[in-house]
Amino acid sequence: MRIFSKIAFITLVAMLSACLEMNDVTPLGNVVAKVGDKVLTSDEIAEATPANLSEGDSLSFVKLYVDNWLIKRLKVAEAERLFSEEEEDIERLVNDYRESLLMRRVDQYHIEQNMSEDFSDEDIASYYNSHKANFVLDQTLVKGVIVRCDGTTAKSNILRANIERVSTSATAIQILQDACTKNGYTLVDNHSGWVNFSDFLSNLPTTKSQNYDHFLDKVGVQDIVSNGTRYYFYITSVCRKGNVAPVEVVSDKIRRILITQRRSEIISSHEEDILNQAFSEGNAEIVKQID
């Protein structure tokens, strides 16, 4: 037993029996419920009962389990009466489903035995270069940084220079971070990864109803003052809507595509192997060619 001693479970079934007797269902020995020649035993209920339930929760679970079992059996019996003439079709559907399930399990077994999800950068680049038309952007992407500071602060040529160097110096971002920390500025750092232009704009005093594509055309550090706050921003790279996405943006998608392809290849290879083996061993044959 998972949660009760035998005595506790017998008590539980006895309590359940009282409920069932009120519904004209009388347990006989190990049988708790029956519909026609189908029976539900206390052993089946014990096996299905989750661990770590309180006595009250267990009683509720068992009562619901028995009710559901009765409903299931009664519905099946009703279906057999109503659709007896369609029994062959139902049996065929059940058999088709069973065979499909078994085939999927076989496919999954061979995938697990042979699958590797390791793809090199060269694998990804090769697929990318051969399928660029599939990776056209539907929105503009940018890289860049934003520094937010007190609007009363005088324009700082040093700060602007530090921002501008982000695109050319590996150490510039750390220098900029240190300067922002020292002066209490807020830094939004997207210089190393592509983001949607709309997401970049969400860190600036902009509204969704306006077009800000003119920001993309300007070179160097730009600034805006709004509600007492100054925003310095520098768009270091742009990939516009309608262009092919950078490979690093779609690399995860390509990896998923390659995984799907490899899974299909494993299944196809296995199918070819079992066909060839069956033909060579005489376990399968094409009796009549179909023109």
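Taking the stated definitions as given, is residue 87 in a helix (DSSP H, G or I), at pLDDT below 90 and out of contact with any Pro (no Cβ under 7 Å at 6 or more places or on another chain)?
yes
Which condition number does residue 181 fail, the rest of (1) among the polar types (S, T, N, Q); (2) part of a helix (DSSP H, G or I); (3) without any contact (Cβ under 8 Å) to a residue 12 or more places away in the chain; (4) under 30 Å from residue 137 (Cβ atoms) being met?
With (1) among the polar types (S, T, N, Q); (2) part of a helix (DSSP H, G or I); (3) without any contact (Cβ under 8 Å) to a residue 12 or more places away in the chain; (4) under 30 Å from residue 137 (Cβ atoms) applied to residue 181, the lone miss is (4).
Hey, residue 115 hits all of (1) without any contact (Cβ under 8 Å) to a residue 60 or more places away in the chain; (2) closer than 30 Å to residue 265 by Cα; (3) surrounded by 11 or more Cβ atoms within 10 Å (Cβ to Cβ) but one; which does it fall short on?
(1)
Would you be able to tell me the number of residues in region 254-285 that are basic (Lys, Arg) and outside any helix (DSSP H, G or I)?
0
Can you tell me how many residues within region 172-196 are surrounded by 13 or more Cβ atoms within 10 Å (Cβ to Cβ) and either outside the structural domain of residue 219 (by TED's automatic domain parsing) or charged (D, E, K, R) (or both)?
Number of matching residues: 1.
Name the one entry in 209, 169, 202 that is surrounded by 12 or more Cβ atoms within 10 Å (Cβ to Cβ), more than 30 Å from residue 134 (Cβ to Cβ) and free of Cβ contacts under 8 Å to residues at least 24 places away in the same chain. First the steps, then the outcome.
Values: 209 fails: surrounded by 12 or more Cβ atoms within 10 Å (Cβ to Cβ); 202 fails: more than 30 Å from residue 134 (Cβ to Cβ).
Sole residue among the options that is surrounded by 12 or more Cβ atoms within 10 Å (Cβ to Cβ), more than 30 Å from residue 134 (Cβ to Cβ) and free of Cβ contacts under 8 Å to residues at least 24 places away in the same chain: 169.
Filter region 9-54 down to residues that are at pLDDT 55 or above and of a type in the set (Val, Ile, Thr) and give me whichever is surrounded by the fewest Cβ atoms within 10 Å (Cβ to Cβ).
Taking the candidates together, the pick is 31.
Does residue 288 satisfy the criteria of being surrounded by fewer than 16 Cβ atoms within 10 Å (Cβ to Cβ), among the basic types (Lys, Arg), outside the structural domain of residue 152 (by TED's automatic domain parsing) and assigned to a loop (DSSP other than H, G, I, E, B)?
When the stated conditions are applied, residue 288 passes them.
Only residues that are surrounded by fewer than 15 Cβ atoms within 10 Å (Cβ to Cβ) and touching a strand residue (DSSP E or B) at 6+ places or on another chain (Cβ under 7 Å): list them for region 229-242, please.
If the condition is that a residue be surrounded by fewer than 15 Cβ atoms within 10 Å (Cβ to Cβ) and touching a strand residue (DSSP E or B) at 6+ places or on another chain (Cβ under 7 Å), then 237, 242 are the ones that fit.
The values are calculated or read from the model by the stated rules, or taken from the named source; none is laboratory data. Here the structure is a predicted model, which is why all the values come from computation and not from measurement. Positions of Cβ are backbone-derived with ideal geometry, glycine not excepted, and every protein chain shown enters the neighbour counts.
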